[in-house]
Amino acid sequence: MAAMLQSFGVSSASVAFSDHSAKLSVRSLPVIRSEARSISCPTNGTRCTRKITTKAVAVENPASAASKPGHELLLFEALREGLEEEMERDPRVCVMGEDVGHYGGSYKVTKGLADKYGDLRVLDTPIAENSFTGMAIGAAMTGLRPIIEGMNMGFLLLAFNQISDNCGMLHYTSGGQFTIPTVIRGPGGVGRQLGAEHSQRLESYFQSIPGIQMVACSTPYNAKGLMKAAIRSENPVVLFEHVLLYNLKERIPDEEYVLSLEEAEMVRPGEHVTILTYSRMRYHVMQAAKTLVNKGFDPEVIDIRSLKPFDLYTIGNSVKKTHRVVIVEECMRTGGIGASLTAAINENFHDYLDAPIVCLSSQDVPTPYAGTLEEWTVVQPAQIVAAVEQLCQ
Amino acid sequence: MAQLTRRSAKLLEPISAAVSATRHLTTSSTSPITVETSLPFTGHKIDPPSRSVETTPQELLTFFRDMALMRRMEIAADSLYKAKLIRGFCHLYDGQEAVSVGMEAAITKKDCIITAYRDHCIFLGRGGTLFETFAELMGRKDGCSKGKGGSMHFYKKDSGFYGGHGIVGAQVPLGIGLSFAQKYNKDENVTFAMYGDGAANQGQLFEALNMAALWDLPSILVCENNHYGMGTAEWRSAKSPSYFKRGDYAPGLKVDGMDALAVKQACKFAKEHALKNGPIILEMDTYRYHGHSMSDPGSTYRTRDEISGVRQERDPIERIRKLIISHDLATEKELKDTEKEVRKEVDEAIAKAKESPLPDASELFTNVHVKGFGVEAFGADRKELRAVLP
């Protein structure tokens, strides 16, 4: 019986995997539902044979959809909703970036906003990242609340001086006279064969800048909540979105909600090992989690969301419970978020660890164009499964 | 009256001093005087304003006093630096005072000024006090940035002074942002984004100017051309040293930056223009007597004759002094007394600043983030945990 269950579990997982990878083209990622999560029955420790929805697609039964609370939308729509609500609420909120106005945003996040709020509030800038970022920061010094869109996060490297010196440090060097309530957002991460320069992970470069906060969204729910929180924050916030996650669909509440910028999200509670991740890697981890569960492990998955500062409270509680940590990130091995997180956990929770922290990151190479090479650059679910198995021996 | 005081100076010194003091103060006459600027303005794609500037005795005396104060402050900063009370970088503005003083005369505190690191005098012009200046330079907590900024990071939000920036050229996009906010808020004020001849070669300037011109932002780009980008003369770093023409589609004006009245006229003209038509570039032809900063002697790339030549012929304070005397607004002696007064003021401020304490150790972590914004969270400071694990 157990063997049959086991094989069933394995085969369904592998089917799911291949299905998943086939579907992982830019425009059609399946929705990972957050409901059907924990499948271990806490009472007797055996595994239930509850089926996990791996391929929830567009609402099949409109009637049942109407009866459920909330509304369904895609991640980029959730971002737009959050943005629009904040622009409605506060006339000082404005957007600046390339093609955000008339074009509607290269990932449609600002679609329709220029028609509604005008060309000055949703500003199409020339291709001059350094100076329009500087311009937004100058406007923020007077009290406006600009949102700077980098068409791709990688382009914001050109604005690094403005982000580091003026955005991050002005509050300090002016002795508190100026606050810089900007939001810098844009898609980053490794996409589908976009090439090295368009597949960068800037969170590793920005993390040292004192004075900024960094958050990464991963679901429509947290995208909207973090966008709103970032806009309302008096500090400069960098909101990292991911190119491949814009078409995720989820049902989010109708009522207004704002999430905390400094909190991590418990995706799947567990007992054996803490897996810390963020952004796109969350989905690779959840996929690996399915396999792991079928193999008898009980991973606790936390989406850290807040990249600077780390939510050491949630993370610490988890480490205290499981005593083993795996970090799965998309940053490169050297100097990435995983490296800092490893150091932070070692510093703060060393006594609670039963084994060294395992950090799975992307390779220290420019992202190649060829599909297979690109796949090997990034951490894949199979590697996560292998790492957890080895750690939990 | 002037003759009397001069002839019987020795006998009636105390009385004459009192008399001249009262005369000084009562010359708050605003009867207009028309003065011609030293040189005509040169325009680029614009008709330059007239050479005749309206001024008043009060204004001229104020110019003199303010410039003398600035000059004295910078010289005192020089001594403090050599005494190692000021550390790091210290960029002095002496020689360029006319730009700050002339600009202030043309605008209000609602207009914004942003500049680079040569900002001590501009801060003073915007209403900063000597005490705040020296305290900041010496890193004390009573400084304008609580001692955490230093020479290059002076700010005064309530009078529209946005700093104080260390990276060459980075303040110009910020300045365009200030004017963007002014346009957004429709408040009929302008921004003066100042930079030097060295910074004029930064790409971000042209990017910023492009945006300002595209959206008709009320911005005025002021190039303080002191002819040297640290050690490199302008002819060695710029193919086209006519910085006022560099805006191409944006009009420009070349101004004698050592003549406070010319600066005043140009800034007034530029403000009117910017409010109606968008950005304009002003090139202030000025000169700095000190080197680029205190670590630069300032004589390896230019001759001492050049420096003393400019001091003889174009010094801004001397020009106003001559104007005042020729228009009989004050005597030579009275002006010297003003300078003595100013010196005393500076010395007092330095003494007071030396008493000011250094910032507390806890100040290291304040003002990194603004704490708390409504949604319940612990502060964005890793030092603060929401709970301590048992």
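Once both labels are modelled 7 Å past Cα along the beta-carbon direction, what's the B:Glu313-B:Lys352 spacing in nm?
Placing both labels 7 Å along Cα→Cβ, they lie 4.1 nm apart.
What size of dipole, in debye to the nearest 20, comes out for chain B about its Cα centre when the only charges are +1 on Lys and Arg C-beta atoms and -1 on Asp and Glu C-beta atoms?
Approximately 420 debye in magnitude.
Heavy-atom accessible surface, probe 1.4 Å, ligands and DNA/RNA ignored: which residues of region B:212-244 lose at least 50 Å² versus the isolated chain?
At a threshold of 50 Å² (probe 1.4 Å), the residues of region B:212-244 that become less exposed are B:Trp215.
What is the magnitude of the charge dipole of the protein assembly as shown about its Cα centre, with +1 placed on the Cβ of each Lys and Arg, -1 on the Cβ of each Asp and Glu, and no other charges, expressed in debye to the nearest 20?
Here the protein assembly as shown has a charge dipole of around 420 debye.
From the residues A:Ser260, A:Val238, A:Thr322, which one has its Cα farthest along the dipole of region A:210-328 in the positive direction, the dipole being from +1 and -1 charges on Cβ of Lys/Arg and Asp/Glu about the Cα centre?
The listed residue farthest towards the positive side: A:Thr322.
In a GNM of chain B with a 10 Å cut-off on Cα contacts, which of B:Glu283, B:Glu355, B:Glu54 has the highest mean-square fluctuation?
The residue with the greatest mean-square fluctuation here is B:Glu355.
Relative contact order for region B:251-297 using alpha-carbon pairs under 8 Å, separation at least 6, rounded to a whole percent?
46 percent
How big is the Rg/Rh ratio for region A:256-306, C-alpha atoms only, Rh by Kirkwood, two decimals?
We get a ratio of 1.04 for region A:256-306.
What nm value, rounded to one decimal, do you get for the distance between B:Ser52 and A:Glu72 when each label is placed 7 Å out toward the C-beta?
Placing both labels 7 Å beyond Cα along the Cβ direction yields 7.9 nm.
Mind checking region A:238-281 for chymotrypsin sites (Phe, Trp or Tyr not before Pro) that DSSP puts in a loop (not H, G, I, E or B) and that have at most 16 other Cβ atoms within 10 Å?
A:Tyr257
Near the amide H of A:Val93, under 5 Å away, which other amide H atoms are found, from residues 5 or more places off or on another chain, if H is placed in the peptide plane?
Here A:Arg145 satisfy the definition.
In region A:285-393, which chymotrypsin sites (Phe, Trp or Tyr not before Pro) are in a loop and have at most 13 other Cβ atoms within 10 Å, using DSSP for the loop call?
A:Tyr369
In debye, nearest 20: dipole of region B:245-317 around its Cα centre with unit charges on the Cβ of K, R (+) and D, E (-)?
Dipole about the Cα centre, nearest 20: 240 debye.
Which loop chymotrypsin sites (Phe, Trp or Tyr not before Pro) in region B:63-137, with loop taken from DSSP, have no more than 16 other Cβ atoms within 10 angstrom of their Cβ?
B:Phe89
Going from the alpha-carbon gyration tensor of the protein assembly as shown, what semi-axes, largest first and in whole Å, does one get by taking the root of 5 times each eigenvalue?
Each semi-axis is the square root of five times an eigenvalue, giving 62, 27, 21 Å.
What's the total accessible area buried between chains A and B, using a 1.4 Å probe, rounded to the nearest 100 Å²?
So the buried area, both faces added, is about 4700 Å².
Using a 1.4 Å probe on the heavy atoms of the protein chains only, list every residue of region A:122-148 that has 40 Å² or more less accessible area in the complete assembly than in its chain alone.
In region A:122-148, residues shielded by partner chains: A:Pro126, A:Ser131, A:Met135, A:Met141, A:Thr142, A:Leu144.
Each residue of region A:130-141 in order: what ³J(HN,Hα) in whole Hz does its phi give by Karplus 6.51 cos²θ - 1.76 cosθ + 1.60, θ = phi - 60°, with x for Gly and Pro?
Along region A:130-141, the couplings run 4, 7, 6, 5, x, 4, 4, 5, x, 5, 5, 4 Hz.
For region B:158-190, which residues drop by 50 square angstrom or more in accessible area between the chain on its own and all protein chains together (1.4 Å probe)?
B:Tyr162, B:Leu174, B:Phe180, B:Tyr184
Set Lys and Arg Cβ to +1 and Asp and Glu Cβ to -1, take the dipole of chain B about its Cα centre, and tell me which of B:Thr115, B:Ile281, B:Phe206 lies farthest positive.
Towards the positive end, the residue furthest out is B:Thr115.
Per 0.36 nm of contour for each residue apart, how much would the distance between B:Ser159 and B:Ser38 grow if the chain were fully extended, relative to their Cα-Cα spacing?
Stretched out fully, the B:Ser159 to B:Ser38 stretch lengthens by 40.5 nm.
Tell me, in nm to one decimal, what length is gained between A:Ser208 and A:Gln393 on full extension, where the rule is 0.36 nm per residue of separation less the Cα-Cα distance?
63.1 nm is the gain from fully extending A:Ser208 to A:Gln393.
What spacing in nm lies between the two simple spin-label points modelled at A:Met266 and B:Lys371, each 7 Å away from Cα in the Cβ direction?
It works out to 2.7 nm between the two label points.
Could you report region B:33-359's accessible area per residue, 1.4 Å probe, as an integer in Å²?
37 Å²
Tell me, what is the percent relative contact order of region B:256-355, built from C-alpha pairs under 8 Å that lie six or more residues apart?
22 percent
From largest to smallest, what semi-axes in whole angstrom does region A:70-253 give when each is the square root of 5 times an eigenvalue of its alpha carbon gyration tensor?
Largest first, region A:70-253 gives 23, 19, 16 Å.
Over chain B, what is the mean sequence separation of C-alpha contacts under 8 Å (at least six apart), divided by residue count, expressed as relative contact order in percent?
Relative contact order for chain B comes out at 20 percent.
With all protein chains present, how much of the accessible area of the protein assembly as shown (probe radius 1.4 Å) comes from carbon and sulfur, to the nearest whole percent?
The computed percentage sits at 55.
The values are calculated or read from the model by the stated rules, or taken from the named source; none is laboratory data. This structure is a prediction, so every number in the text was calculated from the model and none was measured. Here the Cβ is made from the backbone with ideal geometry for all residues, glycine too, and neighbour counts use every protein chain on show. To get the accessible areas, we keep the full protein, side chains included, count just its heavy atoms, and leave off ligands, DNA and RNA. Shrake-Rupley method; radii C 1.70, N 1.55, O 1.52, S 1.80 Å.
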